[in-house]
Amino acid sequence: MTDRVGAGAHLLVTGGAGFIGSEYVRQVLGRRDGTRITVLDKLTYAGNRANLAAVEGDEEQAGRFRFIQGDIADADAVGPLVAEADAVVNVAAETHVDRSILDPEAFLRTGVIGVHVLLEAVRAQADAGRHVRFLQVSTDEVYGDIAEGRSVETDALAPRSPYAAAKASSELLVRSYGVTFGVDAVITRGSNTYGPYQHPEKLIPLFVTNALAGDPLPMYGDGMQVRDWLHVSDHAAGIDFVLRHGEAGEAYNVPGGTELPNRDVIGRLLEAAGRDWSLVRTVPDRPGHDRRYAMDGSKVRALGWAPLVEFDEGLPATVAWYRDNAAWVDAAKGGDWADYYRRQYETRLARGQAAAEIDAG
Ligand code: NAD
Ligand code: TYD
């Protein structure tokens, strides 16, 4: 199979201090095949240098790794880095739907202006006769809510939250630079991702860390919304697979294949944490809450990629990781986390009810 990037390449990984980006960096450098990585990361509330400690602490890996703090929307920072890279893997984004409802602007700055700046830098290299491949990490949320069936790559993009709209906008820009300027670009659409090092704002890390602390779990609405869960190591492997083997101009769904209603996920994580349903509160729903995401993974499977981690194994291991890494959790729940939590949940929790009471009738 053709490797379009090749061993020994120099990758610019934007957003590499976040959850999926840091797993990608650890995984690729861990292969020890000579690949070099530069991470460009703004270190927003979600970026954490500690996520890269394993790489920076390893003499051989650290020699192939460089960290630069900066914004993908800053053309002066981006240009020289793209000029040194064989490929750009754009993992950087504002990523939490609830924050996009509270404050959409940052999502558009990074998702539209930032992606445009990266694409312009890649285009400038092409104009100078240097080939740089571009991979945009996207999401199943660009398809919007689907009542039945599974989204395929040719379906229309129908985003419904400011987060999903920013991600769909990034995709459209990437596609336009491929068609108009011949930029060699591919897109991955991963499903809901879980695992170690995820900032405790999304469902699984928030509920696991709250459960371990004996705090309430704020379940939106009836908890029957369906998500398809993908382990972070599989997501990172899927990104790397598409980077190396994807056809230029194509988008690839990267589904986990474990579609579950939130209630089931919550029940399983409570069991793994040794807690019970009495911690769950039903709270007022998220505005515009997408009821279901589900993707067809035939296209990427035909290319040769499939997820490896079963949810039944990945979830308990994830709970154990958060239990064993209390210092990481305390640091992640420091900073502005408490303010965000109050803004997002104080009124909701005051209006919430114990889920067990509601279920009992
Ligand atoms: P994350 O929030 O954990 O990390 C995002 C990283 O990007 C952080 O390190 C942050 O500092 C950095 N960043 C943000 N804005 C930046 C900017 N302007 N310039 C440079 N760096 C910036 O996110 P994640 O969950 O790891 O998601 C990574 C990517 O995967 C995103 O593009 C997201 O849309 C996509 N995705 C995530 C999921 C999921 O369930 N987490 C699922 C599908 C797709
Ligand atoms: P989330 O992890 O925010 O991912 P996304 O909205 O991008 O799919 O949420 C996953 C599901 O969990 C989604 O249906 C919303 C729900 N949810 C809650 O019920 N309570 C919460 O506090 C959070 C953060 C999410």
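The values are calculated or read from the model by the stated rules, or taken from the named source; none is laboratory data. Computed from a prediction, not measured in an experiment: that's the story for all the values here. Backbone-built Cβ (ideal geometry, glycine too); neighbour counts: all protein chains shown. For accessibility, only protein heavy atoms count, side chains too; no ligands or nucleic acids. Shrake-Rupley method; radii C 1.70, N 1.55, O 1.52, S 1.80 Å.
Some notes on this structure:
- Among the criteria (1) open to solvent by less than 60 Å² (accessible area, probe 1.4 Å); (2) closer than 18 Å to VAL232 by Cβ; (3) touching a residue at least 40 places away in the same chain (Cβ under 8 Å); (4) not in a helix (DSSP H, G or I), the one VAL329 does not fulfil is (4).
- Those residues of region 224-277 which are open to solvent by less than 30 Å² (accessible area, probe 1.4 Å), of a type in the set (Lys, Arg) and more than 14 Å from ligand 1 (Cβ to nearest atom), in sequence order: ARG244
- Taking the criterion of being outside any loop (DSSP other than H, G, I, E, B) and either surrounded by 15 or more Cβ atoms within 10 Å (Cβ to Cβ) or modelled with pLDDT under 95 (or both), the residues of region 294-321 that qualify are MET295, LYS299, VAL300, ARG301, LEU303, PHE311, GLY314, LEU315, PRO316, THR318, VAL319, TRP321.
- Checking region 270-293 against the condition returns no match, with no residue being under 18 Å from THR139 (Cα atoms), within 16 Å of ligand 2 (Cβ to nearest atom), part of a helix (DSSP H, G or I) and not aliphatic (A, V, I, L, M).
- Scanning region 14-41 for residues that are among the acidic types (Asp, Glu) and touching a His at 6+ places or on another chain (Cβ under 8 Å) yields one hit, GLU23.
- Beta carbons closer than 8 Å, at least 6 apart along the sequence or on distinct chains, pair a first residue in region 339-359 that is surrounded by fewer than 16 Cβ atoms within 10 Å (Cβ to Cβ) with a second that is of a type in the set (Gly, Ala, Ser) for ALA354/SER278; ALA356/SER278.
- Taken over region 146-181, the criterion of being over 11 Å from VAL112 (Cα atoms), part of a helix (DSSP H, G or I), of a type in the set (A, V, I, L, M) and open to solvent by 60 Å² or more (accessible area, probe 1.4 Å) is satisfied by VAL179 alone.
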